[in-house]
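Below: one structure, written as structure tokens.
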Amino acid sequence: PPLLACQNDMATIRVGKLKERWRFRRDGKLVCADAVTLDGEIGKTMSRVAVARGAIAAGTMIQLAPDAESKIDAVRAALDHDGVEAGTSAFDGMIVTRILAQDSLSLRAAILATLSAFGAEPPRAFSL
């Protein structure tokens, strides 16, 4: 799920703990693993340049598909949004995208555009 942290004019998260761990397997073989842990002063951590450079919203999207690598140009074009900094890589039948945003609506827009570039339907929770 997307991560919203730090502070803006809507809400403030000062202290908390988030642990997220993903493992993707293809034919029983581990092909991708990711882990994120934020503990303590989340806003202070997110403000660090090497973490999120002050962005308050973050998301990671991964698609495993035989044609994933052919989608990289479309995904990169989809990530061209104001208030968003993102990067994507494609390799070995997967595409991995990380998104940082200045607010939740910018993150949502980037996620929806990326899902479209993936050729995937948005989850019901993203319907407004």
**Request:** Provide, for q = 0.09, 0.10, 0.20, 0.22 Å⁻¹, the log10 of I(q)/I(0) from a solvent-free Debye sum over equal Cα point scatterers in the chain.
**Result:** -0.27, -0.33, -1.21, -1.35
**Fill in**
Quick calc, the chain, dipole around Cα centre from Cβ unit charges on Lys, Arg (+) and Asp, Glu (-), nearest 20 debye, gives 520 debye
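Using a 1.4 angstrom probe on heavy atoms only, work out the carbon and sulfur share of the accessible area of segment 40-114 in %.
50 percent
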**Item:** Most positive-pole-ward Cα, 72, 88, 62, against dipole of the chain from beta carbon charges
**Value:** 62
**Item:** Average accessible surface area per residue within the chain, 1.4 Å rolling probe, Å²
**Value:** 63 Å²
**Message:** Compute, for segment 31-72, the length of the dipole vector about the Cα centre, with Cβ point charges of +1 (Lys, Arg) and -1 (Asp, Glu) only. Units Debye, rounded to 20.
**Reply:** 240 debye
**Message:** Using the Cα centre of segment 55-113 as the reference point, and only Cβ charges (+1 on K/R, -1 on D/E), how large is the resulting charge dipole? Debye, rounded to the nearest 20.
**Reply:** 140 debye
**Prompt:** Within a Cβ distance under 14 Å of residue 69, other residues only, what is the Lys/Arg minus Asp/Glu net charge?
**Reply:** -1
**Fill in**
Filtered hits (lysines, Cα-Cα < 29 Å from residue 29, offset >= 8 within chain) -> 19, 71
**Using alpha-carbon coordinates, inclination of helix 104-118 to the longest axis of the chain, degrees** = 0 degrees
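The values are calculated or read from the model by the stated rules, or taken from the named source; none is laboratory data. This one's a predicted model, so the numbers in the text were calculated from it and none came from an experiment. Here the Cβ is made from the backbone with ideal geometry for all residues, glycine too, and neighbour counts use every protein chain on show. Areas reflect the complete protein model, heavy atoms only, side chains present, ligands, DNA and RNA absent. Shrake-Rupley method; radii C 1.70, N 1.55, O 1.52, S 1.80 Å.
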